[in-house]
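Okay, structure first, notes after.
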Amino acid sequence: MTRDASQFVQLGPAPPDDLSVEGVVVQGTGGVWDVRLASGSVASASLRGRLKHEARGALKLAVGDKVTLTWENGEPGAWFITDIHERFSKLARRAPGGARGERVVVANLDQVLVVFAAARPEPHPRMLDRFLVIAEANGLHARIVVNKCDLVSPAEARALFGEQAAAGYPVHYTSIETGEGLDALHDALAGRSSALSGPSGVGKSSLMNRLFPGLDLRTAAISDSVNKGRHTTVGAVLHPLPGGGFLADTPGLREVGLWGIDAADVPHCFPEFAPYLGQCRFADCIHTVEPGCAIRDAVERGDVSRGRFESYVKLREELAEQN
């Protein structure tokens, strides 16, 4: 990845005027974290003392964390992360590969934009539901971006995720080839801390390059043999935006695992269920097969999408098996 030199100015080994400063973690590799300071410069730092020990346990530093850096003299002098500030939000999922535990993708976000392609790779509405449930469970406002709209007709693009639009999620239809929807998407990002998430190959990095020239993020073509995207982002990277705010580019996720969500809370992660919660015949209704279920009745009437309801049942069963 090529960095914009105006944004990433490495602090030299000379002792700074302030020996303790605050900043935001913008990326990390091999135990070394880049932290952006209020001045716009970026210092490389590693965890120190207690934090280094805790990082082996429950505490995991993540991109987007606000931290305190302390300068320690030595040969050469260096910055160390000595405090991680409390997070107000996070985008987290289950650790991949069948591992137990949580993987915090980005911390301190205002919103998450879930990007899918209209074609190449083929979009999967049920996978989108997984991303949306993760956002809801983390208390994050979610937007949907349907990219590569130049590959299908306008009617086809709007039909792809009509269930999610009907549930109340804002949907942006975009194309970097034609410029469709880019101005509105740019406005939705301005002044906010946002993350682009979604499967590999849907054009997240290409969108960022088009929206904010100068980022020069690495992109790759879609494999014709498998019609799947290649990973071009290996870890989340937080980019400061002109005029304020941050935008995180996150790795394409082939495995979208839920973590930290109780099965009983899943109905609250489907906003269209809200008017019917508490209206069922039985107080302990889990909204799957029970008679007199207000949500199932809404599905039969067509007031709630059957596809979204099927996503709910599958995700609830998955979480019940984990717990």
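Would you call ASP284 over 22 Å from SER197 (Cβ atoms), under 31 Å from the mean Cα position of the chain (by Cα) and outside any helix (DSSP H, G or I)? In short, no.
In the list ALA43, ALA92, which residue meets the criterion of being assigned to a strand (DSSP E or B), crowded, with 20+ Cβ neighbours inside 10 Å and at pLDDT 90 or above? Working first, answer last.
Numbers: ALA92 fails: at pLDDT 90 or above.
Step by step, each of ALA43, ALA92 is checked, and only ALA43 is assigned to a strand (DSSP E or B), crowded, with 20+ Cβ neighbours inside 10 Å and at pLDDT 90 or above.
Just one of (1) at pLDDT below 85; (2) under 16 Å from the mean Cα position of the chain (by Cα); (3) in the same structural domain as GLY139 (by TED's automatic domain parsing) fails for LEU189. It is (1). Listed conditions (1) in a loop (DSSP other than H, G, I, E, B); (2) at pLDDT 95 or above are all met by GLY97, apart from (2). Here are some residues: PHE131, PHE116. Which one is part of a strand (DSSP E or B), of a type in the set (Phe, Trp, Tyr) and under 21 Å from the mean Cα position of the chain (by Cα)? Only one candidate passes the filter, namely PHE116.
The numbered conditions (1) modelled with pLDDT of 90 or more; (2) surrounded by 15 or more Cβ atoms within 10 Å (Cβ to Cβ); (3) within 19 Å of the chain's Cα centre (by Cα) are all true for PRO267 except (3).
Please find, within segment 132-159, the residue that is surrounded by the fewest Cβ atoms within 10 Å (Cβ to Cβ) out of those that are under 23 Å from LYS314 (Cβ atoms) and either modelled with pLDDT under 90 or of a type in the set (Gly, Ala, Ser) (or both). Give the steps one after another, and end with the answer.
To start, the set of residues in segment 132-159 that are under 23 Å from LYS314 (Cβ atoms) comprises 132-140, 142, 144, 146, 159.
Cutting the leftovers down to either modelled with pLDDT under 90 or of a type in the set (Gly, Ala, Ser) (or both) gives us 134-135, 137-139, 142, 159.
Details: ILE134: 27, ALA135: 23, ALA137: 19, ASN138: 20, GLY139: 10, ALA142: 22, ALA159: 12.
My answer is GLY139.
Looking at GLY244, GLY203, just one residue is small (Gly, Ala, Ser), at pLDDT 75 or above and more than 18 Å from ARG143 (Cβ to Cβ), and that residue is GLY244. The criterion of at least 3 residues that are more than 20 Å from PRO271 (Cα to Cα) is met, among helices (runs of 4 or more DSSP H) falling completely within segment 137-220, by 154-160, 182-189, 204-211.
With respect to ASN108, is the statement that it is at pLDDT below 95, surrounded by fewer than 24 Cβ atoms within 10 Å (Cβ to Cβ), within 12 Å of the chain's Cα centre (by Cα) and among the polar types (S, T, N, Q) true? Answer is no for this residue.
The values are calculated or read from the model by the stated rules, or taken from the named source; none is laboratory data. Model, not experiment: these values are computed from the prediction. Virtual Cβ from ideal backbone geometry, glycine too; neighbours counted across all protein chains shown.
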